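*Asks:* One structure follows; several queries about it will come next.
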Amino acid sequence: DTSKLAAGLGSRWALAETGLPARNEEANPFDPEDAPGLRLHHPFGLVPVLRHGEFALYETPAILRYLDRLQRGADLVPASPRAEARMLQVMSVATAQVYWPLVRQVFSNGYYLPRLGQDADQAAFSSGLAWAPLVLDALDQVADEGLVLTGEGLTLADLMLAPMLAYFNAVPEAARLTGKRGALSAWLDRVSARPAFAATRPPCLTEPTP
């Protein structure tokens, strides 16, 4: 029984797709009350964290690969060596080039903090938005190539990247940038329509804007 998965949309989505039993426990790494508890499972006090019995695991790529190995029927790793390599490339890009500028800078400051009534960092927002076209163009090329990011078969790259772009697209200016990349937009539309993706979307992406 997989349990104690701290907030992480890609990991929650993977659990839903594989059908593995799990219990989610939400935690906010930026909340002083939650941080000490998180450090019991993650040395840096971050999310997500997966506990499977006595085994604890952190970092999204490692969690996704582990879940895939637990449920081989999910087929989340392509059989083709080139497609697998491209999948790993997309996962690396998501970690290094997508998460910080598109999620932490654009989404956090352009959507999340304003909804909480908190001051946004406009310089960080602008910086992330300026970096986004380079990243989106690279991902659009991958989607257009057709090895991964097709929406026809789910891979670990889909599970990692799609939630990040869903957050990014919550900002109107960001969504317009994504919409200009035809192959990438078509892929995101297809994977976003999967029932498990919709079921694991966080409330902040499903509730109407005040």
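*Asks:* Examine region 61-77 for a residue that is assigned to a strand (DSSP E or B), in contact with a helix residue (DSSP H, G or I) (Cβ under 9 Å, 6 or more places away or on another chain) and modelled with pLDDT of 75 or more, and state whether such a residue exists.
*Replies:* The answer is no, given that none of the residues of region 61-77 is assigned to a strand (DSSP E or B), in contact with a helix residue (DSSP H, G or I) (Cβ under 9 Å, 6 or more places away or on another chain) and modelled with pLDDT of 75 or more.
*Asks:* For residues in region 26-52 being part of a loop (DSSP other than H, G, I, E, B), open to solvent by 80 Å² or more (accessible area, probe 1.4 Å) and of a type outside the set (Phe, Trp, Tyr), which is modelled with the lowest pLDDT?
*Replies:* Across region 26-52, the extreme among qualifying residues is Pro32.
*Asks:* From the residues in region 139-189 that are in contact with a Gly (Cβ under 6 Å, 6 or more places away or on another chain) and within 14 Å of Glu17 (Cβ to Cβ), which one is surrounded by the most Cβ atoms within 10 Å (Cβ to Cβ)?
*Replies:* Filtering region 139-189 for residues that are in contact with a Gly (Cβ under 6 Å, 6 or more places away or on another chain) and within 14 Å of Glu17 (Cβ to Cβ), the one surrounded by the most Cβ atoms within 10 Å (Cβ to Cβ) comes out as Leu159.
*Asks:* Can Leu113 be described as surrounded by 15 or more Cβ atoms within 10 Å (Cβ to Cβ), in a loop (DSSP other than H, G, I, E, B) and more than 17 Å from the chain's Cα centre (by Cα)?
*Replies:* In short, no.
*Asks:* Residues of region 171-198 being at pLDDT below 95 and under 22 Å from Ser108 (Cα atoms), which ones?
*Replies:* Ser192, Phe197, Ala198
The values are calculated or read from the model by the stated rules, or taken from the named source; none is laboratory data. The model shown is predicted, which means the values in this text are computed figures rather than measured ones. All Cβ positions, glycine included, derive from the backbone under ideal geometry; neighbour counts span all protein chains shown. Accessible surface areas use protein heavy atoms only, side chains included; no ligands, DNA or RNA. Shrake-Rupley method; radii C 1.70, N 1.55, O 1.52, S 1.80 Å.
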